[in-house]
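Inspection log for the structure reproduced underneath, given as structure tokens.
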Amino acid sequence: MKHSFGDCLFKWGCLFCAAMALLLLFGFFAQLTAGSAEAWRRFGFGFLVSSAWDPVAGKFGALPAVTGTLLTTAIALIAALPLAFAAAMYLTDAPRPIALVLGHAVDLLAAIPSVIYGMWGLFVLVPLMQDHVQPFLVERLGLCGLPFVNRDFNGFGIFTAGIILAVMILPYICAVMRDVFVMTPPVLRESAFGVGCTRWEVARDIVLGYGMRGVMGGVFIGLGRALGETMAVLFVIGNVMKMPDGIFSGSTTIAATLANNFPEADGLQKSALFALGLILLCMSFGIQSLSQYCLRADAVRRGSR
Amino acid sequence: MAIKAKAENLNFFYGGHQALFDNNLEVEANRITAVIGPSGCGKSTHLRIYNRIFELYRDQRAEGRLMIDGVNVLDSGVDVLELRRKVGMIFQKPTPFPMSVFDNVAYPLKLHYKLKGGELNDRVEAALRGASLWEEVRDKLKSGGLALSGGQQQRLCIARAIAAEPEILLMDEPTSAIDPVATLKIEELMLELKSRFTIVIVTHNMQQAARISDFTAFFYKGRIIESGPTGTIFTAPSNPKTEEYITGRFG
Ligand SMILES: Nc1ncnc2c1ncn2[C@@H]1O[C@H](COP(=O)(O)OP(=O)(O)OP(=O)(O)O)[C@@H](O)[C@H]1O
Ligand SMILES: [Mg+2]
């Protein structure tokens, strides 16, 4: 029975490989939890709301890094969403050759290594922000009255990082949106045009409404990417371990803090970094689950129609 | 009788493929005109010219003239959005929009008449009553359009179409995806609606055409072989092809 022995081996081999994913997942959680145990014991949940980061005094808090992460991600999303929506709309409806070329170009954006984005950010975006964009936003548009807006034009900081992240997550969101929009039943579009809608009205009220859950899935995928992005952010965020004064301040994100501090960290600081890692993992995990849920809900609904 | 719409030498092309040849047809106001013919003969294609919905696709093209109230609607100067308000369309499969029952009907009202508040509510109710749907959905106005049954969804689409106060209703096999009881309801509804609208309906159901239509046009291979009062077409067709089709010998 050589034959069935081979079969058996194959089956168990496959099972093992598939189970690896689960094992790794547990492994990560376990290791981060164990590594951060000391920090949690010392600071408790105060760790989440403390903005101290003082290796000498042995005081650590997650708030600056979490704030930086959330703010950069929010800016990235606000900037990327309308662009991705417009691009996806155009791509679903464009003449074939144009759609093909532009579609590939968008997909290729996703293939650019993040360190390249970082370099571009440092050498192009930062000076541009410092000399033109930030003065324009603050002085010309008078945005400095708003909360979170400070006059601090050195080009580095949350805003710049958010813009880079926006460019980086754009192709992901756009690709998902395009796939969702293409699935709109032609007869639904036709009946919307049939009541006298313009293209914009069809896009906003019908295509988006019909694909809402899929679009949300795409948004969460983009969010997940932005949350964990390290390299590109590291170049332009300024790496300041304190609460930012506003979106033009230098700041840090969880991922950037980890990359910056692990090499020379030990003891309590190392444990605090593990705790940050655990927070990031939980955030990404939650976002990823949400995106999976949305995309699956979308698929189920299409299947049942 | 007043002529509402008149096709004059209409030809239609899907890219290089010609689907309609020299269609000539007069559609009388406040009457039901049935369009019959075997599958693939161009019935839907003909209807899709009236509201210029074919223009959504780059390779589709119509030639000839389509007069509605004496204006050739294929002229480039015609306001397409206004044309589509004037010419409503119902499809074979119900197409509720991804919004609530109320919003489905309110949507064209907001679009064309910028209505809101009490006036909007009244017009929505009137349209739903006009589509004999009000009693069934008055408690479900907030729930999604997809939560209704197929027949209800189709009447919701009719309500949506008549809410915009169109003058012509195009119906492309509106009852072929719906059960017999719901079909009867929609047929009764059409008989009521013809006092307010001009109706053109595509149907594969000869009994249906005979029951509800005043005029009938028989399409065959992209041409209109015969058209006239329904009574004449069904009892004394002048073309042998028409007779063959009506008696069910092909198609
Ligand atoms: N999108 C399209 N591209 C190319 N050819 C098409 C397209 N739609 C229809 N045709 C062709 O045009 C002709 C007429 O089609 P049409 O849909 O108008 O027929 P129909 O009478 O409505 O048929 P049915 O009763 O099956 O609905 C057919 O030969 C069909 O193959
Ligand atoms: Mg058809």
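Looking only at region B:146-159, count every residue that is in contact with a strand residue (DSSP E or B) (Cβ under 8 Å, 6 or more places away or on another chain) and either assigned to a loop (DSSP other than H, G, I, E, B) or not hydrophobic (A, V, I, L, M, F, W, C) (or both) and tell me the total. Quick ask: steps written out before the conclusion?
So the first thing to find is which residues in region B:146-159 are in contact with a strand residue (DSSP E or B) (Cβ under 8 Å, 6 or more places away or on another chain), and the list is B:154, B:157-158.
Then keep just the ones that are either assigned to a loop (DSSP other than H, G, I, E, B) or not hydrophobic (A, V, I, L, M, F, W, C) (or both); that gives B:154.
Residues flagged as in contact with a strand residue (DSSP E or B) (Cβ under 8 Å, 6 or more places away or on another chain) and either assigned to a loop (DSSP other than H, G, I, E, B) or not hydrophobic (A, V, I, L, M, F, W, C) (or both) within region B:146-159 amount to 1.
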- prompt: How about region A:229-266: which of its residues are in a loop (DSSP other than H, G, I, E, B) and either in contact with a His (Cβ under 6 Å, 6 or more places away or on another chain) or not hydrophobic (A, V, I, L, M, F, W, C) (or both)?
  reply: A:229, A:230, A:239, A:242, A:244, A:245, A:246, A:249, A:250, A:252, A:253, A:266
- prompt: Of everything in region B:7-37 that's loosely packed, with under 15 Cβ neighbours inside 10 Å and within 16 Å of ligand 2 (Cβ to nearest atom), which residue is farthest from residue A:190 (Cα to Cα)?
  reply: B:17
- prompt: Does residue B:148 satisfy the criteria of being at negative phi, modelled with pLDDT under 95 and more than 10 Å from every other protein chain (Cβ to nearest Cβ)?
  reply: yes
query: Are any of the residues in region B:111-121 within 22 Å of the chain's Cα centre (by Cα), part of a helix (DSSP H, G or I) and within 9 Å of chain A (Cβ to nearest Cβ)?
result: yes
task: Scan region B:172-186 and give yes if some residue there is part of a helix (DSSP H, G or I), touching a Phe, Trp or Tyr at 6+ places or on another chain (Cβ under 8 Å) and modelled with pLDDT under 90, otherwise no.
output: no
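Condition check ((1) away from ligand 2 (no atom under 16 Å from the Cβ); (2) surrounded by fewer than 16 Cβ atoms within 10 Å (Cβ to Cβ)) across all residues:
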position: B:40; (1), (2): no, yes
position: B:62; (1), (2): yes, no
position: B:68; (1), (2): yes, no
position: B:105; (1), (2): yes, no
position: B:114; (1), (2): yes, yes
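Pull up region B:51-60, narrow it to residues that are more than 14 Å from ligand 2 (Cβ to nearest atom) and either surrounded by fewer than 17 Cβ atoms within 10 Å (Cβ to Cβ) or not basic (Lys, Arg) (or both), then point me to the one that is modelled with the lowest pLDDT.
Here is the first cut: in region B:51-60, the ones more than 14 Å from ligand 2 (Cβ to nearest atom) are B:51-52, B:55-60.
Now restrict to residues that are either surrounded by fewer than 17 Cβ atoms within 10 Å (Cβ to Cβ) or not basic (Lys, Arg) (or both): B:51, B:55-60.
Values: B:51: 94, B:55: 93, B:56: 92, B:57: 91, B:58: 88, B:59: 91, B:60: 95.
The selected residue is B:58.
Taking the condition in contact with a strand residue (DSSP E or B) (Cβ under 9 Å, 6 or more places away or on another chain), of a type in the set (Val, Ile, Thr) and surrounded by fewer than 22 Cβ atoms within 10 Å (Cβ to Cβ), does residue B:225 pass? Show your work before the answer.
Details: in contact with a strand residue (DSSP E or B) (Cβ under 9 Å, 6 or more places away or on another chain): yes; of a type in the set (Val, Ile, Thr): yes; surrounded by fewer than 22 Cβ atoms within 10 Å (Cβ to Cβ): yes.
When the stated conditions are applied, residue B:225 passes them.
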- prompt: Out of A:217, A:196, which single residue is crowded, with 23+ Cβ neighbours inside 10 Å and touching a Cys at 6+ places or on another chain (Cβ under 7 Å)?
  reply: A:217
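So, residue B:183, is that one away from ligand 2 (no atom under 16 Å from the Cβ) and surrounded by 19 or more Cβ atoms within 10 Å (Cβ to Cβ) or not?
Values: away from ligand 2 (no atom under 16 Å from the Cβ): yes; surrounded by 19 or more Cβ atoms within 10 Å (Cβ to Cβ): no.
No, not satisfied.
Tell me the strands (runs of 3 or more DSSP E) entirely within region B:17-100 that contain at least 3 residues that are more than 14 Å from chain A (Cβ to nearest Cβ). Quick ask: steps written out before the conclusion?
Details: elements: B:17-28, B:32-36, B:60-68, B:87-90.
The strands (runs of 3 or more DSSP E) meeting that bar are B:17-28, B:32-36, B:60-68.
In region B:128-147, what count of residues is obtained for those that are open to solvent by 10 Å² or more (accessible area, probe 1.4 Å) and over 11 Å from residue B:102 (Cα atoms)? Outline the logic, then answer.
The first filter runs over region B:128-147 and keeps only residues open to solvent by 10 Å² or more (accessible area, probe 1.4 Å), leaving B:129-130, B:132, B:134-136, B:138-144, B:146-147.
Cutting the leftovers down to over 11 Å from residue B:102 (Cα atoms) gives us B:129-130, B:132, B:135-136, B:146-147.
Result for region B:128-147: 7.
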- prompt: Considering only helices (runs of 4 or more DSSP H) fully contained in region A:113-227, which possess at least 2 residues that are charged (D, E, K, R) and either touching a strand residue (DSSP E or B) at 6+ places or on another chain (Cβ under 7 Å) or modelled with pLDDT under 90 (or both)?
  reply: none
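Which residues, counting only those in region B:165-180, are open to solvent by less than 30 Å² (accessible area, probe 1.4 Å) and either within 13 Å of ligand 1 (Cβ to nearest atom) or among the small types (Gly, Ala, Ser) (or both)?
Taking region B:165-180 as the starting set, the residues that turn out to be open to solvent by less than 30 Å² (accessible area, probe 1.4 Å) are B:166, B:168-172, B:174-175, B:178.
Those that are open to solvent by less than 30 Å² (accessible area, probe 1.4 Å) and either within 13 Å of ligand 1 (Cβ to nearest atom) or among the small types (Gly, Ala, Ser) (or both): B:170, B:171, B:172, B:174.
The values are calculated or read from the model by the stated rules, or taken from the named source; none is laboratory data. All values reported here derive from a predicted model rather than from experimental measurement. Glycine gets a Cβ as well: all are built from the backbone with ideal geometry, and neighbour counts include every protein chain shown. Protein only, heavy atoms only, side chains kept; ligands, DNA and RNA dropped before computing areas. Shrake-Rupley method; radii C 1.70, N 1.55, O 1.52, S 1.80 Å.
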